[in-house]
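Asker: My questions all concern the structure below.
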Amino acid sequence: ELFHQLGAPFTVGHMVEWRRGCPWGCTFCSNNYYRRQYYADRKDWMYTKDFVRSQSVDHVLAELREIKARYNPRIMRVNDDDICCDEPWLKELAERMTDAERIPFKCFAIPNNINERTIVYLKQIGCEQIQMGVQSLNPEIRKLIGRPNSEAQMAPGIDLARRHGIGLFADQI
């Protein structure tokens, strides 16, 4: 509310976070530190969905209705670390969202979780741009930084975004 009163750019866009944490344990990310603290004894600490905490779809829809009614932003940024990491949750959001909640948005996604279904759900809920965590095209560097993507996983995610008219940024380290 305080930022919105300052005017542009705060009246143009809005930021939300629907889930915290990330299923991936990439070495360059702060989530890696937290997951080592909480899951150090687990063999799967580099990849576990146990680290992801999501708001309910009901809560997200109510929040979007309030944002739209109160601020009516032209664009929104969803700051989830990987918006596609919970496909059933994303599907429920897409099935239940109406124009009363839909606001065009940008988001982050990891290529491993992008598939035909998740792209369709993203498009349905208003995604206009994905910032995809590629990090490096060199497989040895990806291995060093704990990024589990392969070229075979990255290329389809990029193609799917293009095919469905969703803009794309690729994160590089």
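Asker: I want the local charge near Arg65. Using Cβ-Cβ distances under 13 Å, sum +1 for each Lys or Arg and -1 for each Asp or Glu among the other residues.
Answerer: Net charge in that neighbourhood comes out at -1.
Asker: Given 0.36 nm per residue, what is the gain on full extension from Thr11 to Arg53 after removing their alpha carbon distance, in nm? Numbers along the way, then the final one.
Answerer: Details: separation 42, 0.36 × 42 = 15.12 nm, distance 2.86 nm.
Roughly 12.3 nm would be gained on extension.
Asker: Which pairs in the list Lys106/Lys143; Lys49/Lys106; Lys43/Lys106 are over 24 Å apart, alpha-carbon to alpha-carbon?
Answerer: Lys106/Lys143; Lys43/Lys106
Asker: Under the rule a/c < 1.5 gives rounded, and otherwise a/b versus b/c splits prolate from oblate, where does the stretch 85-142 land using the Cα gyration tensor?
Answerer: Working: a/c = 3.61, a/b = 2.11, b/c = 1.71.
Prolate is the answer for the stretch 85-142, as a/c is 1.5 or above and a/b outweighs b/c.
Asker: With both partners inside the chain, how many of the DSSP beta bridges are antiparallel, as a percent to the nearest 5? Show your work: numbers first, answer last.
Answerer: Details: 3 of 21 bridges.
Roughly 15 percent of the beta bridges in the chain run antiparallel, per DSSP.
Asker: Rounded, prolate or oblate: which one fits the stretch 1-102, using the alpha carbon gyration tensor with axes a ≥ b ≥ c (rounded when a/c is under 1.5, else prolate when a/b beats b/c, else oblate)?
Answerer: Taking the square roots of the gyration eigenvalues as a ≥ b ≥ c, the stretch 1-102 is oblate.
Asker: Over the residues of the chain, compute the C-alpha Rg and express it relative to 2.2 N^0.38 Å.
Answerer: 1.07
Asker: With a 1.4 Å probe and every protein chain kept in, tell me what percent of the accessible surface of the stretch 98-159 is carbon plus sulfur.
Answerer: 58 percent
Asker: Shifting gears a bit: Could you order the peptides 163-170, 2-9 from most to least packed, using the average number of other C-beta atoms within 10 Å per residue?
Answerer: In descending order of packing, they fall as 163-170, 2-9.
Asker: For Glu63 and Arg117, what is the calculated FRET efficiency with R₀ set at 22 Å and r taken between the beta-carbons, to the nearest 0.05?
Answerer: Taking R0 as 22 Å, the efficiency between Glu63 and Arg117 is 0.35.
Asker: Describe numerically, in nm with one decimal, the distance between label points set 7 Å from Cα along Cα→Cβ at Ile75 and at Glu128.
Answerer: In this crude spin-label approximation the distance works out to 0.6 nm.
Asker: Counting only the backbone N, which residues of the stretch 109-139 are under 16 Å from the spot 7 Å out from the Cα of Asp159 toward its beta-carbon?
Answerer: 111-120
Asker: Separate question: Can you give the local net charge around Val52? Use residues other than it whose beta-carbon is closer than 11 angstrom to its beta-carbon, Lys and Arg +1, Asp and Glu -1.
Answerer: 0
Asker: How much accessible area per residue does the stretch 1-76 have, counting only protein heavy atoms and a probe of 1.4 Å, in square angstrom?
Answerer: That works out to 65 Å² per residue.
The values are calculated or read from the model by the stated rules, or taken from the named source; none is laboratory data. Owing to the predicted nature of the structure, the values given are computational and were not obtained by experimental measurement. In this analysis, Cβ positions are derived from the backbone assuming ideal geometry, glycine residues included, and neighbour counts consider all displayed protein chains. Calculation scope for accessible area: heavy atoms of the full protein, side chains included, ligands and nucleic acids excluded. Shrake-Rupley method; radii C 1.70, N 1.55, O 1.52, S 1.80 Å.
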